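Heads up: the structure comes next, in structure tokens.
Just so you know, all these numbers are worked out from the coordinates, no wet-lab data involved. Just so it is clear, the model here is predicted, and its values are computed rather than measured. Note that each Cβ is placed from the backbone with ideal geometry, even for glycine, and that neighbours are counted across all protein chains shown.
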Amino acid sequence: MGEFFHAVGLFFHHLAAVRWSALGIAVALHVAKLWFRAIAWKNILGAAYPDSKPKLRSAFGAYVAGVGVNSVTPARGGDLVKLYLIRHRIPESRYATLAPTLVVETIFDFVVAGALMLWALSIGVLPTHQVYSRIPTADWKWFVRHEIVTLAILGVLLAIALVLLLFARRRFEQFRERFVRGFAILRNRRRFLREVVLWQAVSWFFRLASLYFFLEAFRVHASLHNALLVQVVDSLATLFPATPGGAGTKQGLLVFLFRKEAYSRTLLLSFSVGMNIAVVVTNLVFGLSAIAIMARTLSWKGLRQRGQAEQAEAT
């Protein structure tokens, strides 16, 4: 976080150099990206609840509310707010069904982000060990060397699982039915491609276009190559949501990925924190407005607690 606060100082020092027209276009494109992502999520929800499809404005409101909260809280707490708001816009909906829709919504993103990571590795801006060092590993040698103890542990765990299954079989079946329902749109590949992938592909176009104009606004050379590098930084930062909006993480990664380019560290930090501030402020304005309209409150902490309480009651 120290890197982030240092970058904030650099940003305000270079504030006069910002191209405001390009910044306005970048923000507008960012909002358009959120709109198209909300369309895709609405279609996923509509497949899960065909008899009570949510309205687009409800899906957009819940979506931007979650994005806004995620911008200022760590560990993606905004997802709970998102589910709480949409839960009260779809009659008889259940969290066990709504939660998987968020997983479906990330499938195409995972593919695109993975392709960008491979691209970054192939051109040498992201050394392989920098990625591998982030992947958690587990040492299985102890379990291999102690076969009897390992088998005993597995036997106990299996027995516990069977007992729990016998006592909660009915509830488990109900939960499984509701959970699988959240993936309903995947049963029809054409519909998934037409109603989810297509709209998310459009949102990715607006995402990259937004990054292009953010680069232009802060006087870093605007090109597709640089926009893709900034997106790689954003994708890597989302892997470690320990700080709100990836603050600090993004700044360090951006300097690292652009190390071969002829840009000063000061310029890169000013661009990164300036873009971060613009995106967070935009997300907050739309997110708080959505929360105020849909829940008649501005307390996302209260919304998260309500959502957690409702999920606990449902289980």
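If R0 is 45 Å, what FRET efficiency do you get for ARG265 and ARG191 from their C-beta distance, rounded to 0.05? Write out the running numbers ahead of the final one.
Details: r = 48 Å, r/R0 = 1.06.
After rounding, the FRET efficiency stands at 0.40.
Calculate, in nm to one decimal, what ASP51 and ALA201 gain on full extension: separation in residues at 0.36 nm each, minus their alpha carbon distance. Provide the component values of the computation, followed by the final result.
Working: separation 150, 0.36 × 150 = 54.00 nm, distance 2.71 nm.
Extra length from ASP51 to ALA201 when fully extended: 51.3 nm.
Could you work out how far apart the two model spin labels at ALA152 and THR297 are, taking each label as a point 7 Å from the Cα in the direction of the beta carbon, and quote it in nm?
The modelled label-to-label distance comes out at 5.0 nm.
Mind scanning LYS42/LYS250; LYS33/LYS55; LYS33/LYS53 and naming the pairs with a C-alpha gap bigger than 28 Å?
Numbers: LYS42/LYS250 30 Å; LYS33/LYS55 18 Å; LYS33/LYS53 22 Å.
Going by Cα-Cα distance, LYS42/LYS250 fall outside the 28 Å limit.
Can you tell me how much longer the chain between TRP20 and VAL111 gets when fully stretched, taken as 0.36 nm per residue apart minus their C-alpha distance, in nm with one decimal? List each step's numbers first, then the result.
Working: separation 91, 0.36 × 91 = 32.76 nm, distance 3.35 nm.
Full extension of this stretch gives 29.4 nm more.
Quick check on packing: order 52-63, 178-189 by the mean number of other C-beta atoms within 10 Å, highest mean leading. Intermediate values should be presented prior to the final figure.
Details: 52-63: 20.0, 178-189: 16.5.
Packing proxy ranking, top to bottom: 52-63, 178-189.
If you plug each phi of segment 93-105 into the Karplus form 6.51 cos²θ - 1.76 cosθ + 1.60 with θ = phi - 60°, what whole-Hz ³J(HN,Hα) values come out, in order, with x for Gly and Pro?
Once rounded to whole Hz, the list reads 6, 10, 4, 4, 8, 5, 4, x, 5, 5, 5, 4, 5.
Provide the net charge surrounding SER21, with neighbours chosen by a C-beta distance below 15 Å and charges set as Lys +1, Arg +1, Asp -1, Glu -1.
Details: positive: ARG19, ARG219; negative: GLU216.
Result for the local shell: +1.
Label points 7 Å out from Cα along the Cβ direction at LEU284 and ALA159: separation in nm?
Distance between the two pseudo-spin positions: 5.5 nm.
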